[in-house]
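Student: Mind looking over this structure? Questions follow.
Every number in this text was worked out from the coordinates using simple rules, so none of it is lab data. Because the structure is predicted, anything quoted here is derived from the model rather than measured. Cβ coordinates were reconstructed from backbone atoms using ideal geometry, including for glycine residues, and neighbour counts include every protein chain displayed.
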Amino acid sequence: MPRMVRLIWILFALHLALGMIAYTHFLVTGRYVVLGWYFSTLGTLFFLVMTVTECTLAVMCRSWFDPDEPMRLAWSMIACAALARLAGVVLRTVYDNHLPWGYWHQFNLLSGGLFTNLSQVGLVVGGPLSMAFLAIGLGRVLGIQRKFHLLASLTRVDKVLLVLVVAFSVSQLSINLPLFGNHPSLGTMLLWLSDPLLSLLLIEAILVRRSVIRMGQGLVAKCWGMFVLAIIVTSAGDAAIWADSHNLLSESMTALSWYIWFVAAAAFASAPAYQLAAISLTRESSLHLVEKR
Amino acid sequence: MKLLGRWHPKLWRRKPAAAPGSDLNFEAAATSGLDDLQARLNHWSDLWTRGNESAIRSDAQRLVAERLAKWMEHCFGQHAQSSLRGTDSQISLASSTPIFTAFLGRRATRELSRRVLQDL
């Protein structure tokens, strides 16, 4: 495992260990004090560290491709997606005033009715906008993989998954469309795009997953595998929110489902780390080459 | 060269007269140089491309293929070679460069090629 990837997952493990202590405290006492502090302060810090790491690594990966190379656009889009996710975290942190430093509530009042508040801007930037960038980037990658005949045909399970994803997306649209009559804000309407975009990302993830399975366990394959994991985990988190809104989850299960987002953040950060490790391998002499006999 | 440089006095000088017999020496040297160049080009061409199946592969070619297979496995995965080629025939720099360039970039692929051809 590359050093940077190991570092990301060690940080994740430590953060999760602290999270489990907070969760145990919540289960024992039934109070949200420690759990709330953990998610608002440590959780926000973790997201900030992960998104900054992801953004920096994605920009570094992009710099390795010349402007006329097809993967340049893919990594540009992935870097934009990471930057949007980082901006989203920062905006929500500013609004919620979760971090111990700074008091920025005076910036929360937005003129006009486009967005409800700064947190909604953060949700749109870190949600649908970031997903749109990632969808374009992954679309480009799929095009390159198809060029090299790396895309394998879909299995029956893949097809079932695709049907489920499309059905979920259509059902969400059918719920949201009648709400147009209530004159929702632009921010609310943009947030409705989250589910269709996530569905598109899942479709791309299923296709990328096929090619990754076909290739094996190389560093580049793991990079795209991490994107697939991040997208699947994001969908799981989204499903948990949906289930919670329909009172399908118990209180303890709802609290446990919040940890899913940390896995997604770590997976998103690991993806460019794997790509950079593959590129760095060509510059280092760490790979033991076959010796001349 | 600047346009006005064409009128520089130094450029008006005539070419020095050739030494007697220098043409013969030059031709001999050119022939041996061309042979040498051709031999080198053939060698590099053999390393870059998959040679004729009937021809006996040199150790260098085999080494290049083994190193490329190792890089392919590290970067893409253990099945990448077979899924790309569809057969188990030997990999060459020419056949593997496009995929390395696509996923690692031109600069990284140049470094990779340099490492693959190291000590050969």
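Student: Under a point-charge model restricted to the Cβ atoms of Lys and Arg (+1) and Asp and Glu (-1), what is the dipole moment magnitude of region A:3-278 relative to its Cα centre, in debye to the nearest 20?
Tutor: 700
Student: Neighbouring Cβ atoms within 10 Å as the yardstick, rank A:183, B:74 fewest first.
Tutor: Ranking A:183, B:74 by Cβ neighbours within 10 Å, fewest first, gives A:183, B:74.
Student: If you project the alpha carbons of region A:171-287 onto their three principal axes, what span does each projection cover, largest first, in Å?
Tutor: 62, 32, 25
Student: Go through region A:62-70 residue by residue and turn each phi into a ³J(HN,Hα) via Karplus (6.51, -1.76, 1.60, θ = phi - 60°); whole Hz please, and just put x for glycine and proline.
Tutor: My calculation for region A:62-70 gives 4, 5, 7, 10, 6, x, 8, 8, x Hz in order.
Student: Let me ask something additional. Distance between Cα centroids, region A:140-177 to region A:21-41: provide it in whole Å.
Tutor: 38
Student: Continuing with the same structure: Per the Kirkwood treatment, what hydrodynamic radius in Å, one decimal, follows for region A:3-278 from the mean inverse distance over all distinct Cα pairs?
Tutor: 19.9
Student: Please list the non-local residues whose amide H lies under 5 Å from the amide H of residue A:218, H modeled 1.01 Å from N, same-chain partners needing a gap of 5 or more.
Tutor: Long-range HN contacts for residue A:218: B:77, B:78.
Student: Quick one: net charge of residue A:260's neighbours, Cβ under 13 Å, K/R +1, D/E -1? Mind dumping the intermediate values first?
Tutor: Values: positive: none; negative: A:238, A:244.
Residues near residue A:260 contribute -2 overall.
Student: Ok, one more. Okay, helix-only estimate at 222 nm for chain A: each DSSP H run of n ≥ 4 adds -39500 (n - 2.57), divide by all residues, round to 500 deg cm²/dmol; what do you get?
Tutor: Helix-only estimate at 222 nm: -24500 deg cm²/dmol.
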